1. Can you give me the relative contact order of the chain as a percent, contacts being Cα pairs under 8 Å and 6 or more apart?
2. Keeping every protein chain in place, order GLU194, GLU134 by accessible area at 1.4 Å, biggest value first, i.e. largest first.
3. Dipole of the chain, Cα-centred, from +1 at each Lys and Arg C-beta and -1 at each Asp and Glu C-beta, to the nearest 20 debye?
4. Please work out whether the chain counts as rounded, prolate or oblate from its C-alpha gyration tensor, where a ≥ b ≥ c are the square roots of the eigenvalues and a/c under 1.5 means rounded, while otherwise a/b larger than b/c means prolate and anything else oblate?
5. Return the subset of LYS61/LYS100; LYS43/LYS100; LYS61/LYS157; LYS121/LYS182; LYS43/LYS121; LYS19/LYS197 for which the Cα-Cα distance in this structure is over 19 Å, preserving the input order.
6. How large a share of the accessible area of the range 42-134, in percent, is made up of carbon and sulfur atoms when the probe is 1.4 Å and the other protein chains stay in place?
7. So what's the back-of-envelope 222 nm ellipticity for the chain, counting only DSSP H runs of four-plus at -39500 (n - 2.57) apiece and dividing by all residues, rounded to 500?
8. Nearest 10 degrees, 0 to 90: what angle lies between the long axis of helix 189-201 and the longest principal axis of the chain (Cα atoms)?
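The values are calculated or read from the model by the stated rules, or taken from the named source; none is laboratory data. If you're wondering where the values come from, they're calculated on a predicted model, not measured in any experiment. Please note: Cβ atoms are built from the backbone with ideal geometry, for glycine as well, and neighbour counts cover all protein chains shown. Each accessible area value is taken on the protein alone, full model and side chains, heavy atoms only, with ligands, DNA and RNA left out. Shrake-Rupley method; radii C 1.70, N 1.55, O 1.52, S 1.80 Å.
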Amino acid sequence: METPVDASIKGEHESPRWKKSTVVFVLGGPGSGKGTQCANVVKHFSYTHFSAGDLLRAEIKSGSEFGAMIRSMIAEGRIVPSEITVKLLCKAMEESGNDKFLVDGFPRNEENRIVFENVAKIEPAFVLFFDCPEEELERRIMNRNQGREDDNIETIKKRFKVFVESTLPIVNYYESRGKLRKINAAKPSEEVFEAVKVLFAS
């Protein structure tokens, strides 16, 4: 079944703009500073930043039929299929007018990666991995005090466990393909960005 998203990313005679794009996946444990560093890259290197979770939330908020379908899946406790997330990413890239993208917190698992390659038919230029010990991640999340319900020690440990089980295999996959760029994220934010800058300036 074709969704409204399919229609908006499909062109009969022309390859969508995003197929010629530079895509960088940004991965790291909860609290590793992905959001902060993505904001820095956007500011200094004119990338467009997408978070898969934000795209899903925006689609729900838009009130579209597609958004209603996503909302009901989440309400029923079902995981939103990777294909839906990838199609939203492709649509957002097509509509952005840019050709350089940071995709934050994606792919979260092996299925995400496979579906992205099959649907978008592009590979990331590289994968930026913010490497940080679990103890430091816990300390940061407990200190950031953003009032988020998931900022408690028990939930943090669960999120980190999911990250290790689902996302680390993705990190290892891209490392084996020579596409991983690992950054020591345990340092202060300014120092981390100095290392990030080198990757994007080259």
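1. 31
2. The ordering from most to least exposed comes out as GLU194, GLU134.
3. Working: 30 positive and 31 negative charges, 66 e Å.
The dipole magnitude comes to about 320 debye.
4. Because a/c hits 1.5 or more and a/b fails to exceed b/c, the chain counts as oblate.
5. Checking Cα-Cα distances, LYS61/LYS100; LYS61/LYS157; LYS121/LYS182; LYS43/LYS121; LYS19/LYS197 exceed 19 Å.
6. 50
7. -16000 deg cm²/dmol
8. Approximately 50 degrees, to the nearest ten.
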